[in-house]
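Structure first, then comments.
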Amino acid sequence: SQTIHQWPATLVQPVGSPLSLECTVEGTSNPNLYWYRQAAGRGLQLLFYSVGIGQISSEVPQNLSASRPQDRQFILSSKKLLLSDSGFYLCAWTHLTNTEAFFGQGTRLTVV
Amino acid sequence: DQQVKQNSPSLSVQEGRISILNCDYTNSMFDYFLWYKKYPAEGPTFLISISSIKDKNEDGRFTVFLNKSAKHLSLHIVPSQPGDSAVYFCAASGQGAQKLVFGQGTRLTINP
């Protein structure tokens, strides 16, 4: 069966510090991978998605970047965090031919 | 531009009664719709979906209705149970699209 792992579960970082969140998928190959953010009191905002290694599409211009160094690994990064980067970050994957997305457990990021 | 909208941020229903969650969309190219359930500090979990070729899909206590002419879908939960208390997101995807667009979510509270 397929599983998705996302870590860390919680993170408190000072303003201006770097960020690296990692997500890996097991049990499937060539998944589409996604990073979403849920800000306080708001819905799920798509940040990045990837259809293959090294292929990243950005949905919202911001202080974040994403990379896909391996088929089942998706990384969300920032060089310098802002207070507005606080939120709940979710990684997800889909099959190439199926739109149903499966989500990780999420990372609660608090920038102080 | 919010392509998927859930206009009710919260809904309170008595246990045993019907819960009706609503969702509107603006993009006529959307042809696949999903409902997700989310508990605090966890990733969303898939509930039920519907293709645009159907107007109803049922799975146990959950039924999704799609009105394409009105660009509206709804999720019915009957009977409502305390464990149904969560935030519910609707999502949509278009032909060939590789991403889901989510609504803002509706917080459902089931009162005993």
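The values are calculated or read from the model by the stated rules, or taken from the named source; none is laboratory data. Keep in mind the model is a prediction, meaning the values are calculated, not measured. Because the Cβ atoms are built from the backbone with ideal geometry, glycine has one as well, and the counts that use them run over all protein chains shown. The area values use the complete protein model at the heavy-atom level, side chains included, leaving out ligands, DNA and RNA. Shrake-Rupley method; radii C 1.70, N 1.55, O 1.52, S 1.80 Å.
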Subject >> Residue check, B:D31 among the acidic types (D, E) and either without any contact (Cβ under 8 Å) to a residue 60 or more places away in the chain or open to solvent by less than 20 Å² (accessible area, probe 1.4 Å) (or both) >> reply: no
**OP:** Check off (1) surrounded by fewer than 13 Cβ atoms within 10 Å (Cβ to Cβ); (2) small (G, A, S); (3) at pLDDT 95 or above for B:A41 and give me the number that stays unchecked.
**Re:** (3)
**OP:** Considering only the stretch B:36-75, state which residues are within 13 Å of chain A (Cβ to nearest Cβ) and of a type in the set (A, V, I, L, M).
**Re:** B:A41, B:L47, B:I48, B:I50
**OP:** Working only within the stretch B:47-62, note down all residues that are part of a strand (DSSP E or B) and open to solvent by less than 70 Å² (accessible area, probe 1.4 Å).
**Re:** B:L47, B:I48, B:S49, B:I50, B:S51, B:N57, B:F62
**OP:** Pairs only if they're at least six apart or on different chains, beta carbon under 6 angstrom, first in the stretch B:1-17 and farther than 30 Å from B:P112 by Cβ, second charged (D, E, K, R) and open to solvent by less than 60 Å² (accessible area, probe 1.4 Å); list them, first residue then second.
**Re:** B:K5/B:D24
**OP:** Quick one: in the stretch A:73-112, of everything that is of a type in the set (D, E, K, R) and facing chain B (nearest Cβ under 8 Å), which residue is nearest to A:P18 (Cα to Cα)?
**Re:** A:R108
**OP:** Count, please, the residues in the stretch A:73-112 that happen to be without any contact (Cβ under 8 Å) to a residue 60 or more places away in the chain and either in a strand (DSSP E or B) or closer than 29 Å to A:N30 by Cβ (or both).
**Re:** 11
**OP:** Kindly check whether there is at least one residue in the stretch B:86-101 that is more than 9 Å from every other protein chain (Cβ to nearest Cβ), modelled with pLDDT of 95 or more and more than 11 Å from the chain's Cα centre (by Cα).
**Re:** yes
Subject >> Meets criteria (within 10 Å of chain A (Cβ to nearest Cβ), open to solvent by 60 Å² or more (accessible area, probe 1.4 Å), touching a residue at least 40 places away in the same chain (Cβ under 8 Å) and not small (G, A, S)) for B:Q104 >> reply: yes
